[in-house]
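Peer 1: Got a structure here, written out as structure tokens. Questions coming.
Coordinate-derived values only; no laboratory data. Just so it is clear, the structure is predicted and the values come from calculations on it, not from any experiment. When we count neighbours, we look across all protein chains shown, and the Cβ atoms used for this are built from the backbone with ideal geometry, even at glycine.
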């Protein structure tokens, strides 16, 4: 029903030399009723992209549209906010001085429901939807656990009658034993309400569990995206492979495979790039195990920025021929 | 994000050194503040309801005298003309003359300024010498909830002392040392002993405030993770206090110390009046009371510039002491 | 830019007060609690007295204070006139009492003007948006740079000498400070996610300001205003004293002081009495503000020394590991470790009876959820628990040296721990001293403990940085921590742990703050060090998969006890404790079935202040029966050295999903 579309979105913070382009020309579609998982490391711009979609970050170029209509955030003209967001930290995302019932009620569009009785009933319905008893409406956030707060945050997002929900690292502040219940809830709600969803996480396994489509971001750009099984099953961008190899997965013992090749090792130990000064050419080349630092003949990576016209829309010049790289013993490659 | 922003700043060469940007920013702010100050001083006279000259000379003064004085002060020119003249005169050192005594304002300031600077400087040195060691010591004794009695004694006594305004302290000191004990002269500037009362009156309050602040700041720093790291290195306690904690507490201490110094400049106004100290402070009050506006204008400017210079010095000192400050400012 | 939060303020008379207002938390109960402390009671009494006097003073003694007695002009204190008389023969004592109303009323009025103007100015950046807001902030910054008294004098010139002028002058002189406080507080709160959520929900800026921001900055504002009233009182007294404020025939304390000072030789009481009342009234406001600030702001101020933890109960069942490895003395031996810390409601013991040994070059992982006591165990082992926290154990030996009964005071112990035990903390950003160059921070260890020269220490630091795979170590050693990236900082921490000749590195969640790719680098580094130098590693983590990857052995902690201890190679197959198995199942792996709900652990972790009598995991355990709830299972060791504390160890588990247990955690 609702499709969230990013067209060449660019977000720039600051001006002049201290300025930084956090999101640089991102095209991404969140198809109706589907979950798009967005992964990347800190500084990749994934949270900025999410904040741009709800108007918390300035879009300096490009368009964000919902079903073809540009999203407007400034005006008070429309009381319904079709894109809602759930934040990472459940301890700062709820006003400590407001009962959770009030917090949820506040997010119900004023035009949608008039009368306090109707609004109260709606709050009860929403709390029930996220598995919280109606009696909890009078509790303050301080009386709830992290997992319960995240449920409240979900209820508040749903109160805005959204067509798209953006979930920004919503489980990373939670203990593992709680994480599962929140993920299950997110999945149930998404299927039950047929929501479109942009699900952001640094944890590939979590993203894999909830997402239909996966997009990988690196230094402000999407470097690979496609159906989850393609991106994870046959990753084409070396960064996606790196992420997969680093994924916390007890089945594979990564650390026993210490590379003996000094060049590869130096690359594996390279520092993350600086978003203020993205490298020329392919932005990933200083860390790329199949790039110009390992294979000198691949000098085009140093100067030419790869397009997305490769399998899995991977932004890599060698997306189709990476398998020939030396010294890579990862069974997934 | 901050991590990433920090790295390249240092990697780039001297050309793009953060210092250049820091100095430029700081100069710009100083200039803007100066302009605001001068403009405020200029408009001070024009914002006074009614005719300042008439108010100054009194209702009985003949109209011709008022007119003549207005003309001499340029008050009949258009306002922008007056403003430009004012700026030009300031730069050339012509700060006008007193409406009551006709002495040059710059002359009055030159006569009175040294006495004020003297007591402010001595008081500042005294404050720093006492409050930093006391604050560090108190932090060491009361951290982590120990020494609750010491903490209570220190906190309550410093609160009480800090609640006494400096002019009342001056009165109290006059009573104790001057009237009761007769050790020192109660007013005026004469012998070395005559400095004792004004300097003490100025220093005692800020010392209480600053030593409290040093303690609180030290306690915060002692809670920091890097202090735990230092403890994990099994460094001696004294070393941890002096080498790891104090440098990190110095930022706030110095910032507030600078504000205190600026405040000291203002504090001299009251203390000088109590003790009849022949500085700028007693002059500005008598000038306000006698509506001698050019003198007031001049002294306000001097005080303002003094405060701005102190702020500048503090900022530069902070930048030198704290490796993060130049970058944090941007 | 200097930013002041909390309760620092100029008092109009060149004073700044440092309050501890840092964490402003919700909770109205503490206001009442504040009144019950001795300091709070004093403040409340004083303030009540001052306000009462302000209301009743003129009504009761107004006439007597104005009565002119020409027969006794300018007299000292006597039985008829306690504080003597002034130049018109009026009784100074009654004049001081009556002056309370004018002094306090003017101070409050000026404070109201100052706070209102300041809050309006300070909230302007939020209401007007970025560009206009920046201008407002710049204006505030320029104005706040000038001492309040200077502003007061400036406004006094403009508004003229007298009450009206003085009120406006003092009020406006305070305004920049409150503008600064308000804008700082607003900026702090407006960055929080609930403000972002309110904006997404479509609330207007004004509405957000009133509903979300002001309620959350109300407490510090009120505290500041209370302190400000004290300051205004003093400022007013100063102005009147100078003759710029209240004019005769009206009188306030400042004016009385001015009159009294002239006769200080004849009648010192006449000068001192108004002075004392000024101080007392100022103190009343200040104390009230301080007390509230302290109670509301500094939650840690309530920490009290723990009541002595009794001797380790003999009934603590945990069995120590059998002394099987006598031949190779363990690097670390811990028996029946208890750690007691102060909680909000008295001492709690989150670690209760932990026993383990670590052999040379062995990597042991300690896993658990938040509150399980794993980090406290690590800190206790590293001897970093400070009073009022307490460490008790039957045995705590490092490299064969008893740590327990020396408490690190002896110089030899400090040197042993400093050089042989390295510690790596979770957050490398806050764990390195920001004002010290990396090289010096590293070099300290060998300089202090091994007496090396500055040059030797530096060379060693560079060498260790290189070993920790920090590129260009010579240059890096000369840099400050903020010039390092997160991963590099953690490498520097590891290099620091290797400065001596470590036998054990305790790493407390060393990768939690890092990205996955960086996490892998850091873990690989630890693994290399262990392999090359035979350094034992105690790795604390909440992530059982991370520990499984790096360590030889995994210990799982729950509610302050080790519940299972087994080789990590057997983690997937041989785990017998239901909690260990649940933890493993709850982590979505890369092979998890997307069409089935994730396995969950119902319920919540146990609060260390309320441990249940039996097995602490019983309430969340699908195998639990009455015996589990009544009796705590001992940590039993099997023939192969594996340990488990469960009455039903190894029994098959029913599948736990939300379908058959309900949403346990939610309600």
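Peer 1: Under a plain spin-label model, where a point goes 7 Å from the Cα along Cα-to-Cβ, how far apart in nm are residue A:172 and residue A:67?
Peer 2: Modelled inter-label distance: 3.3 nm.
Peer 1: If r is the Cβ-Cβ distance from residue C:463 to residue B:24 and R0 is 51 Å, what FRET efficiency results, to the nearest 0.05? Display every interim value, and only then the final one.
Peer 2: Details: r = 40 Å, r/R0 = 0.79.
E(calc), rounded to 0.05, equals 0.80.
Peer 1: Here's a follow-up. Rg to Rh for the stretch C:492-619: what is it, with Cα atoms only and Rh by Kirkwood?
Peer 2: Ratio value, two decimals: 1.00.
Peer 1: Per the Kirkwood formula on distinct C-alpha pairs, the Rh of the stretch B:158-283 is how many angstrom? It would help to have the intermediate numbers written out before the result.
Peer 2: Numbers: mean 1/r = 0.0602 Å⁻¹.
Taking every pair of different Cα atoms in the stretch B:158-283, averaging 1/r and inverting gives 16.6 Å.
Peer 1: Let me check the size of chain C from its C-alpha atoms; what are the radius of gyration and Dmax in Å?
Peer 2: Expressed in Å, the Cα Rg and Dmax of chain C come to 33.4, 107.
Peer 1: Of the listed peptides A:272-280, A:186-194, what is their order by residue-averaged count of other C-beta atoms within 10 Å, with the highest listed first?
Peer 2: Values: A:272-280: 18.2, A:186-194: 16.2.
Top to bottom by mean Cβ count within 10 Å: A:272-280, A:186-194.
Peer 1: Please report how far the C-alpha centroid of the stretch C:361-421 lies from that of the stretch C:199-263, rounded to the nearest whole angstrom.
Peer 2: One Cα centre to the other: 52 Å.
Peer 1: If you line up the long axis of helix A:176-193 against the longest principal axis of chain A, both from Cα atoms, how many degrees apart are they, to the nearest 10?
Peer 2: 70
Peer 1: What order do you get for B:170-182, B:115-127 when each peptide is scored by the mean count of other beta carbon atoms within 10 Å, highest first? Walk me through the intermediate numbers first.
Peer 2: On the way: B:170-182: 17.5, B:115-127: 20.5.
Put in order of decreasing packing, that is B:115-127, B:170-182.
Peer 1: Which FRET efficiency value, to the nearest 0.05, do you get for residue A:234 and residue A:102 by plugging their Cβ-Cβ distance into 1/(1 + (r/R0)^6) with R0 = 51 Å? Could the numbers behind the result be given before it?
Peer 2: Working: r = 49 Å, r/R0 = 0.96.
Efficiency at R0 = 51 Å is approximately 0.55.
Peer 1: Binned at 10 Å from 0, what are the whole-percent values of the Cα-Cα distance distribution for the stretch C:38-99, short to long?
Peer 2: 24, 38, 24, 12, 2
Peer 1: Given 37 °C and 0.692 mPa s, how large is the Stokes-Einstein diffusion coefficient of the stretch A:140-181 in µm²/s, with Rh as the Kirkwood radius over Cα pairs?
Peer 2: Details: Rh = 11.2 Å.
Using the Kirkwood radius from Cα pairs, D works out to 293 µm²/s.
Peer 1: So, one more: Where the Cα atoms of the stretch B:219-272 are projected onto their three principal axes, how long is each span, largest first, in whole Å?
Peer 2: Principal extents (Cα only, largest first): 52, 17, 13 Å.
Peer 1: Ok, one more. Can you give me the pair-distance distribution of the stretch A:93-149, C-alpha pairs, 10 Å bins, whole percents?
Peer 2: 24, 56, 18, 1
Peer 1: What is the distance in Å between the Cα centroid of the stretch C:574-636 and that of the stretch A:1-45?
Peer 2: Here the two parts' Cα centres lie 40 Å apart.
Peer 1: Relative to the longest principal Cα axis of chain C, at what angle does helix C:486-497 sit, 0 to 90 degrees, rounded to 10?
Peer 2: 70
Peer 1: How big is the stretch C:37-297 by Rg and Dmax over its Cα atoms, in Å?
Peer 2: Rg then Dmax for the stretch C:37-297, in Å: 21.6, 77.
Peer 1: Let me ask something additional. Relative contact order for chain A: what is it in percent, counting Cα pairs under 8 Å that are at least 6 residues apart? Write down the numbers at each step before the final one.
Peer 2: Details: 620 pairs, mean separation 65.4, N = 333.
In percent, rounded to a whole number, it is 20.
Peer 1: The stretch C:118-140 to the stretch B:141-200: how many Å between their Cα centroids?
Peer 2: Taking the Cα centre of the stretch B:141-200 as reference, the centre of the stretch C:118-140 is 40 Å away.
Peer 1: Can you give the Kirkwood hydrodynamic radius of the protein assembly as shown from its Cα pairs, in Å with one decimal? Please report the intermediate quantities before stating the final value.
Peer 2: On the way: mean 1/r = 0.0287 Å⁻¹.
34.8 Å is the Kirkwood radius here.
Peer 1: While we're looking at this one, here's another question. Based on the Cα gyration tensor of the stretch A:145-252, what are the three equivalent ellipsoid semi-axes, each the root of five times an eigenvalue, rounded to whole Å and given largest first? Write down the numbers at each step before the final one.
Peer 2: Values: eigenvalues 129, 56, 28 Å².
They are 25, 17, 12 Å, listed from largest to smallest.
Peer 1: I would also like to ask the following. If you take each beta carbon of peptide C:549-556 and count the beta carbons of other chains within 10 angstrom, what is the mean?
Peer 2: Details: counts 8, 3, 0, 0, 0, 0, 0, 0.
Mean shielding by partner chains, rounded to a whole number: 1.
Peer 1: How big is chain B along each principal axis, measuring the range of its Cα positions in Å and listing the largest first?
Peer 2: Principal axes ranked by extent give 83, 63, 32 Å for the Cα atoms.
Peer 1: Only bridges with both residues in the protein assembly as shown count here: give the DSSP antiparallel percent, nearest 5. Mind showing how you got there, number by number?
Peer 2: Numbers: 51 of 86 bridges.
Beta bridges within the protein assembly as shown, antiparallel portion: roughly 60 percent.
Peer 1: Percent of alpha carbon pairs in the stretch C:532-586 separated by more than 18 Å? Walk me through the intermediate numbers first.
Peer 2: Working: 399 of 1485 pairs.
Of all Cα-Cα distances in the stretch C:532-586, 27 percent exceed 18 Å.
Peer 1: Let me ask something additional. Shielding by partners for C:473-485, please: the mean number of other protein chain Cβ atoms within 10 Å of each residue's Cβ. Let's see the in-between values first.
Peer 2: Working: counts 0, 0, 2, 0, 0, 1, 4, 6, 5, 11, 10, 5, 9.
Mean inter-chain Cβ contacts per residue within 10 Å come to 4.
Peer 1: According to a simple spin-label model (label point 7 Å from Cα along Cα-to-Cβ), what is the distance in nm between residue A:32 and residue B:55?
Peer 2: Roughly 7.3 nm, to one decimal.
Peer 1: Can I ask one more? Tell me the angle of helix B:280-289 to the major Cα principal axis of chain B, expressed in degrees between 0 and 90 and rounded to the nearest ten.
Peer 2: For B:280-289 against chain B, the angle is about 40 degrees.
Peer 1: Would you tell me the mean number of C-beta atoms belonging to other protein chains that fall within 10 Å of each C-beta in A:45-54, as a whole number? The partial results should precede the final answer.
Peer 2: Working: counts 0, 0, 1, 1, 0, 0, 2, 0, 1, 5.
Counting Cβ atoms of other protein chains within 10 Å of each residue's Cβ and averaging gives 1.
Peer 1: Thinking of chain A as a set of Cα atoms, what percent of all their pairs are more than 38 Å apart? Could you put the intermediate results ahead of the total?
Peer 2: Numbers: 11390 of 55278 pairs.
Summing the P(r) of chain A above 38 Å gives 21 percent of all pairs.
Peer 1: Let me see the pair-distance distribution of the stretch A:57-200: every alpha carbon pair, 10 Å bin width, integer percents in order.
Peer 2: 11, 41, 35, 12, 1
Peer 1: Please report the projected area of the stretch C:492-542's Cα convex hull averaged over all directions, in nm².
Peer 2: Values: hull surface 13.4 nm².
Dividing the Cα hull surface by four gives the mean projection, 3.4 nm².
Peer 1: Something else about it: Could you order the peptides C:511-521, A:125-135 from most to least packed, using the average number of other C-beta atoms within 10 Å per residue? Kindly include the intermediate steps, with their values, before the conclusion.
Peer 2: Working: C:511-521: 20.7, A:125-135: 17.8.
Per-residue Cβ counts within 10 Å, averaged per peptide and sorted highest first, yield C:511-521, A:125-135.
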